[in-house]
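Below: the structure, in structure tokens.
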Amino acid sequence: MTERTALLERTPAAAASATSPTGIVRGLLRTTRPRQWVKNLLVVAAPAAAGQLFSRQAMIQLALVFALFTACAAAVYLINDARDAAADRAHPVKRHRPVAAGQVPVPAAYAVGCTLALLATSAAAWLCSPAVAALLTAYIGMQLAYCVSLKHVLVVDLVVVTTGFLMRAMIGGLALGIPLSRWFLITTGFGALFMVSAKRYSEAVQMAGKAGATRALLTEYTTGYLRFVWQLAAGVSVLGYCLWALEEGGVPSAGLLPWRQLSMVAFILAILRYAVFADRGTAGEPEDVVLHDRALALIGLVWLAMYGLAVANW
């Protein structure tokens, strides 16, 4: 007996409501992962680093880019869940996703996902720069290739997911015409790889013995390898950030304190704190770790304040 059949037998009224037009719309919204929209706030990273965040034009442009990237990510989630519906039913958590549970028909998920992708890239070409439209198109193409085949290729799957985070961080700079420094790209890229590989490590730990039924590559990776990757990525991201802070800190500043150098302490503490969850195998959902751990949130606020003071040269 499938989960869907059991649901219909146990609660027929609730099941009918779930497949109603309103239920389908709610399911589609859940499939776009509203909790993960917070990842798209990375679009402000480059403008914030350059101290060009608070002008009216910048805020309008960044709000637009945030909305467009969110639409593109939502499109990918919808198409991915439609493709993986059968496999997701074998996962203890993913089986409750609306498409896997039968609340959203697979054709509806495909149709809405493709429509969102076309609308987002068209709006980017019309309202933003060609570079923004090209990056969004590349993001969708890369993520769809990931859904179809790249997620089954060792190491490449980690690179693709990491690149998605890096694209989020780059697009704000492209939208405002801000040059992207090498330190920004190194720190952001390896910081993203740290979180992605820590997530894979956590999945491998939690799904030991049944990984092949949920994410096939987890049977190919060893926990030792994934641990090596997230430790390496954490070290490189810290090194890149420290080199940025020390290089910029060497320039005479009118600020009260050397905030750039001081921000290294908060950045390293944040990496160390997140590594606690990675080491335990409980970093499966990065947004949950970041939003629900009070100590990490406090460290993040301290870092944000120091970084802001450094950029403002106070």
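All of the numbers you see were taken from the coordinates with simple rules; none came from a lab. Just so it is clear, the model here is predicted, and its values are computed rather than measured. Neighbour counts run over all protein chains shown; Cβ positions are idealised from the backbone, glycine included.
A crude spin-label estimate for the pair Val25 and Val38, with each label 7 Å from Cα along the Cβ direction, gives 2.7 nm. Expressed as a rounded percentage, what relative contact order does the chain have, with Cα pairs under 8 Å and six or more residues apart? Contact order relative to length: 18 percent. Among complete DSSP H helices in the chain, those whose alpha-carbon atoms stretch at least 20 Å along the helix's long axis and whose mean Kyte-Doolittle hydropathy reaches 1.0 are 56-83, 106-127, 130-148, 156-176, 294-312. Every Cα-Cα pair in the chain was counted, and those over 29 Å apart are 42% of them. Figure legend: label point modelled 7 angstrom from the Cα of Leu150 along Cα→Cβ; residues of the stretch 53-89 with amide N under 15 Å from it are 73, 76-77, 80. Neighbour counts of other Cβ atoms within 10 Å put Ile171, Ile178, Ile60 in the fewest-to-most order Ile60, Ile178, Ile171.
Considering the chain as a Gaussian network with a 10 Å cut-off on Cα pairs, which listed residue, Arg168, Arg56, Arg26, attains the greatest mean-square fluctuation? Looking only at Arg168, Arg56, Arg26, the biggest GNM fluctuation is shown by Arg56. For the chain, modelled as a GNM whose springs connect Cα atoms under 10 angstrom apart, the maximal fluctuation among Val160, Val148, Val65 occurs at Val148. Taking the Cα centre of the stretch 17-178 as reference, the dipole from Cβ charges on Lys and Arg (+1) and Asp and Glu (-1) amounts to some 400 debye. Using only the Cα atoms of the stretch 17-178, build the gyration tensor, take square roots of its eigenvalues as a ≥ b ≥ c, and label the shape rounded, prolate or oblate: rounded if a/c is under 1.5, else prolate if a/b is larger than b/c, else oblate. Judged from the Cα gyration tensor, the stretch 17-178 comes out prolate (a/c at least 1.5, a/b above b/c). Computed from point charges on the beta carbon alone (+1 for Lys and Arg, -1 for Asp and Glu), the dipole magnitude for the chain about its Cα centre is near 440 Debye. Calculate, for Leu257 and Leu301, the FRET efficiency according to 1/(1 + (r/R0)^6) with r their C-beta to C-beta distance and R0 30 Å; round to the nearest 0.05. Between Leu257 and Leu301 the formula returns 0.95. The simple spin-label model puts a point 7 Å past each Cα toward its Cβ; for Leu243 and Trp314 those points are separated by 3.0 nm.
Three principal axis extents of the stretch 181-314 based on alpha-carbon atoms, in descending order, are 58, 29, 17 Å.
Taking the charge dipole of the chain about its Cα centre, with +1 at Lys and Arg Cβ atoms and -1 at Asp and Glu Cβ atoms, the residue from Gly240, Ala85, Leu262 reaching farthest to the positive side is Ala85.
Phi angles across the stretch 95-102 convert, under the Karplus curve 6.51 cos²θ - 1.76 cosθ + 1.60 with θ = phi - 60°, into 3J(HN,Hα) values of 5, 8, 4, x, 5, 5, 7, x Hz, Gly and Pro given as x. For His292 and Thr223, a Förster radius of 22 Å and the Cβ-Cβ distance give a FRET efficiency of 0.40, rounded to the nearest 0.05.
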